[in-house]
Amino acid sequence: MAGDAGKPEDERLRARCLALEAKNAELEADNAALVERNATLEEEKRHYRWLADSTTDLISRHARDGTFLYASTACRSLLGYEPEELVGVCAYELFHPADLDDLLNKSPRVYYHDGFYQQTYRFRARDGHYVWFETTSRTRRDPATGELLDILCVSRDVGRRIHAEANRERLARVVESTTDYVLFIDGDERIFTSNEAARRLLARPRQGSRDDDHLSLEQAYTRESLAVLREIVLPAVARYGSWSGELAMQGPRGPVPVLSVVMAHHGPAAEPDHLSLINRDIGLRKATEAQERRHQEQIAHANRLATTGELASNIAHELNQPLGAIANYASGALMQLADDPTRPAGDLALPLERISEQVQRLADRLRHIRTFVRKGQTRPRPVALLEVVDAACRLCEWQFQQAGVALEHELPEALPRVQADPVALEQVLVNLLLNALEASRDHPGADRVLIRARRTGPREVRFTVSDRGPGVPEAQRAQVFAPFHSGRPEGLGMGLAISHSLMEAMGGRLVLAPAGGSGGATFAGTLLAEPGPLPPAR
């Protein structure tokens, strides 16, 4: 009976043991799961630490007073500190004083209650220089008490961006304050931005005001310049990226001549069809150039008057010949009438025709002299070089005859017309011929002055005036075209200077050719010619 009574107790103990074993197994399973979870957490922790140490941004954790609790390894490259050196240091001690005042003057709500804020400031590196940081901060609080636990920060170096923004701001201030008219246009030819000078010129309100509606190019430039912009400038900018030249803008008192530079916008954020137009007022320069041209014309006119004085004997000769012929023919006709008053009028036809021819010749000579002396603007146009050379030779012929110097010219008949003002070109040739004549006087062997011309390119004709005089000394060659420089004691030294200016005004040039072995001086002038085929090679 006693053995039977103990049997249920054993079963109970066995059951309890089995239950304990099951509980232990469950605890061991939980412990294994906990170990595995801890290992996973450690792995994630190492991963997040690796991420924090791998980024170029400085990741840090701070106490509420700003003390570093943690700093990632980026502090080495950004600030020169080891992470351990920063732990325990108050970040506010390394702020630039001015930037720390800005931070501390912010409302505490920003970084204590809102939980998220951003600050741009200067932070002192280990070597003492300041680094521009942009820091994004997030506060972490105890959910139960709301107490601030720490502050997590991500800081990046924005020095390059700050300096770039400062440069852009400086350039923007320069553009805004310059007296040039600066316009920015889009692909639809709308002016979306302009500086103060351009707004004053175009009578526009201040940038960004309520009445600041966009203008178009046709409201900023004259009709002629707008056509140039559309037909030449914009295609050139699309192809080459920029263009420069003279245009005219619309001003309150009429067109304003400007030197324009048009550029396409480049860069990551630039629109491909946006352009900048920088326009510099050249009205004063244009007025100065016009005054200079008038002054040059007055000097050239005075030179022609002086040249006419030197050619007075030639003029007398030119007038004397036709007047003598007229007198002879008139005297002969009168003698015929005196011999036979009743003779038919037809018998007087020949002397009357000769008189008419001489009158016409006299009128031509007077017209030529008057044209040469007359004051006027230099207007290049296509002219036959041979005709101008002949006219210049006729003016100087009498002086050459008196001096016993031959005046010859060799010009091919197939020579193209040149772009020149006939009176100005004749003045240049007369100056060169008289200069050559003076060089030839009383010089042994200087018995000839020769004018040559030939085509030297598809659009170029070169003429030369050569003498056999003493030539130009090497020391004087550089100053030969300088005003008031003369090789003759009685010379004014203006003929060659004026000739040089007149050739440039006609789009050509005048030079003293290199000295040759035969002596003498050769002046060479080049003018633009009408297009045509080149002559065959010799």
Matching entry among L429, L510 (being of a type outside the set (G, A, S), part of a helix (DSSP H, G or I) and either surrounded by 18 or more Cβ atoms within 10 Å (Cβ to Cβ) or modelled with pLDDT of 85 or more (or both)): L429
Based on what the data block shows, is P470 touching a residue at least 40 places away in the same chain (Cβ under 8 Å) and either among the polar types (S, T, N, Q) or in the same structural domain as E410 (by TED's automatic domain parsing) (or both)? yes
Collect the residues in the stretch 439-459 that are farther than 14 Å from A392 by Cα and crowded, with 20+ Cβ neighbours inside 10 Å, keeping them in residue-number order. A439, S440, A446, A453
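Condition check ((1) surrounded by 12 or more Cβ atoms within 10 Å (Cβ to Cβ); (2) in the same structural domain as R64 (by TED's automatic domain parsing); (3) assigned to a helix (DSSP H, G or I)) across all residues:
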{"position": "T135", "(1), (2), (3)": "yes, yes, no"}
{"position": "G146", "(1), (2), (3)": "no, yes, no"}
{"position": "C153", "(1), (2), (3)": "yes, yes, no"}
{"position": "R168", "(1), (2), (3)": "no, no, yes"}
{"position": "D188", "(1), (2), (3)": "no, no, no"}
Taking the stated definitions as given, is E9 closer than 30 Å to S72 by Cα and either modelled with pLDDT under 75 or in a helix (DSSP H, G or I) (or both)? no
Taking first residues from the stretch 82-103 that are on the phi > 0 side of the Ramachandran plot and second residues anywhere that are surrounded by 13 or more Cβ atoms within 10 Å (Cβ to Cβ), the pairs with Cβ under 8 Å that are 6 or more apart or on different chains are G88/T67; G88/F68
How about the stretch 212-233: which of its residues are over 22 Å from the mean Cα position of the chain (by Cα) and among the acidic types (D, E)? D212, D213, E218
Take E218 and tell me if it is assigned to a helix (DSSP H, G or I) and surrounded by fewer than 18 Cβ atoms within 10 Å (Cβ to Cβ). yes
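The values are calculated or read from the model by the stated rules, or taken from the named source; none is laboratory data. What you see is a predicted model; the values in this text were computed from it and never measured. We place every Cβ from the backbone using ideal geometry, glycine too, and count neighbours over all the protein chains shown.
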